[in-house]
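A short worksheet on the structure shown next.
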Amino acid sequence: MPSATFINLRVICEGIRKNSSITMDEFQRIWWMEYGHRTWGRLIGAAFYIPATVFWFKGWFTRAMKIRVGAMGALLAFQGLLGWYMVKSGLENRFDGPSDVPRVSQYRLATHLGAAFVLYSLLFWNTLATLLPPEPVKFTLQLVRFRGMAMGCKTLVFLTAISGAFVAGLDAGLVYNSFPKMGDDWIPEDIMTLKPLISNFTENSTTVQFNHRILGMTTLSAVLGVWVLSRRLPLPRRVHHAVNLMAVAVILQVCLGITTLLQHVPTSLAACHQSGSLFLLSAALWLSHELKRMPK
């Protein structure tokens, strides 16, 4: 319960170095958010495993569906394990430096989010394949190139979302709260200060925010480029709808990200921004699904 956990907080690194002045009411709010997240995860597991088991033993799955359901079930269990592994990193006694902030590992957070997005993508794709088969698309060289660009957009959306996990894990959204420049510079001076240099990309808050900005603007440009190209091609109706939805989603997502940054990352806006990335990924997945029957 919250009271017992609150007492334990006082003796761990986070309670001593980061939240030494936290009140019981403030702690209860955090505790219930964490408890709700864990409970929701367990409900998702029950909602998946119980009907999947029934359908499996009643023989309602095809051979192909059994493979997909087995893969998704394994990934769902792995996702729960990753969540525990991520939380455990925040309790480890590894914050020895004077500027170290007790928090979960950004690597484990990004892995946890990435696994969640992969699981969601599999579930969403399987749903589309079952309930909304793609319309036939006539083969042309232009359409093959268009399909490649659509797949590239989907990849960029995923990579940008993962880079956002590193931003969240390092509180990198709080280091430069201006746009389009970072402070007074386009490229800040502290962007490559860590050694070895490669560690800046995942451990330097400035670099992590800079990379997320670049990926976000690249994704925006790519998606809008695909949208412009789609105006010139004879595409099925649902493909046009998917492209339009993806274009609207990416504009809203970029505007939401900039607003979140300028407002110093309030939790509500940050949560909306993360949800927006999932909505954008859904649109990109739908577009890919509508084009999946095209010859390569």
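For the reader, a short list of remarks on this structure follows.
- Among the trypsin sites (Lys or Arg not before Pro) in the range 192-242, those placed in a DSSP loop whose Cβ has at most 11 other Cβ atoms within 10 Å are 231, 232.
- Most to least packed among 82-89, 245-252, 124-131 [average Cβ atoms within 10 Å]: 245-252, 82-89, 124-131
- A Cβ-based charge dipole, computed about the Cα centre of the range 43-195 with Lys and Arg at +1 and Asp and Glu at -1, lands at about 1060 debye.
- For the pair the range 164-218 and the range 251-280, the centres of their Cα atoms are 17 angstrom apart.
- Among 222, 253, 168 - extreme Cα towards positive end, dipole of the chain, charges at beta-carbon: 222
- For residue 164, net neighbour charge (Lys/Arg +1, Asp/Glu -1) across residues whose Cβ lies under 13 Å away: 0
- Cα pair distances in the range 115-165, grouped into 5 Å bins until the bin that holds the longest one, percent each: 4, 16, 16, 22, 22, 12, 6, 1
- On the basis of the beta-carbon distance and an R0 of 25 Å, residue 177 and residue 201 show a calculated FRET efficiency of 0.75.
- Remark: the range 173-180, residue by residue, has Karplus-estimated 3J(HN,Hα) of x, 9, 7, 9, 9, 9, 7, x Hz, where x stands for each Gly or Pro and the curve is 6.51 cos²θ - 1.76 cosθ + 1.60 at θ = phi - 60°.
- Dividing the Cα radius of gyration of the chain by its Kirkwood radius returns 1.01 for Rg/Rh.
- Neighbourhood net charge (14 Å Cβ-Cβ; Lys/Arg +1, Asp/Glu -1) for residue 192: -3
- The calculated FRET efficiency for the pair residue 218 and residue 129, based on their C-beta separation and a Förster distance of 51 Å, comes to about 0.95.
- The range 121-220 - Debye-derived log10 I(q)/I(0), Cα point model, q = 0.12, 0.18, 0.22 Å⁻¹: -0.57, -0.88, -1.13
- Per-residue HN-Hα couplings for the range 78-84 [Karplus 6.51, -1.76, 1.60; θ = phi - 60°; Hz; x = Gly/Pro]: 5, 5, x, 5, 5, x, 5
- Relative to the longest principal axis of the Cα atoms of the chain, the long axis of helix 141-169 lies at roughly 10 degrees.
- Charged neighbours of residue 235, selected by a Cβ distance under 10 Å, balance to +3 (K, R count +1; D, E count -1).
- √(5λ) per eigenvalue of the Cα gyration tensor, the range 202-296, largest first, Å: 29, 14, 12
Read-outs throughout are calculated quantities, based only on the coordinates presented, and are distinct from any laboratory measurement. Keep in mind the model is a prediction, meaning the values are calculated, not measured. In this analysis, Cβ positions are derived from the backbone assuming ideal geometry, glycine residues included, and neighbour counts consider all displayed protein chains.
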